[in-house]
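Peer 1: Okay, handing you the structure first.
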Amino acid sequence: MPNAIDYLFVANKLPGLIVNEGIREIAETYTLFARSFAEEKPFDVTPHMEFLIDKQGYIRARWLAAESNAWRNIDVLLKQVELLRNEKPRAPAPDEHVH
């Protein structure tokens, strides 16, 4: 999901492949996952983050570029993707969640 500036750059090059509705809301939601044990306070500017999201839409891994370069290790990433690909399907999440 591109930020607003990236969207302007790639929108014509990749039509139909880029999220174009709800970008602000999506970015705000993912920003909630930007905190770490090293930096727990809210950010003024959202740091660069990478996510591994499974077929059902669950965040399975999150990397913060400021913490390490581990997210750039494509071999590790591909191993994790393969593990997710081989997982047996699970029941979908319930439509409602109440406490």
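Peer 1: What does the highest-first list of 82-88, 65-71 look like by mean Cβ count within 10 Å?
Peer 2: 65-71, 82-88
Peer 1: Working out 0.36 nm times the residue gap between Leu78 and Glu25, then minus their Cα-Cα distance, what length gain in nm do you get to one decimal?
Peer 2: Length difference between fully extended and current span is 16.2 nm.
FYI, it's all coordinate maths here, none of it is from the lab. Quick caveat: nothing in here was measured; it's all calculated off a predicted structure. Cβ: placed from backbone, ideal geometry, glycine included. Neighbour counts: every protein chain shown.
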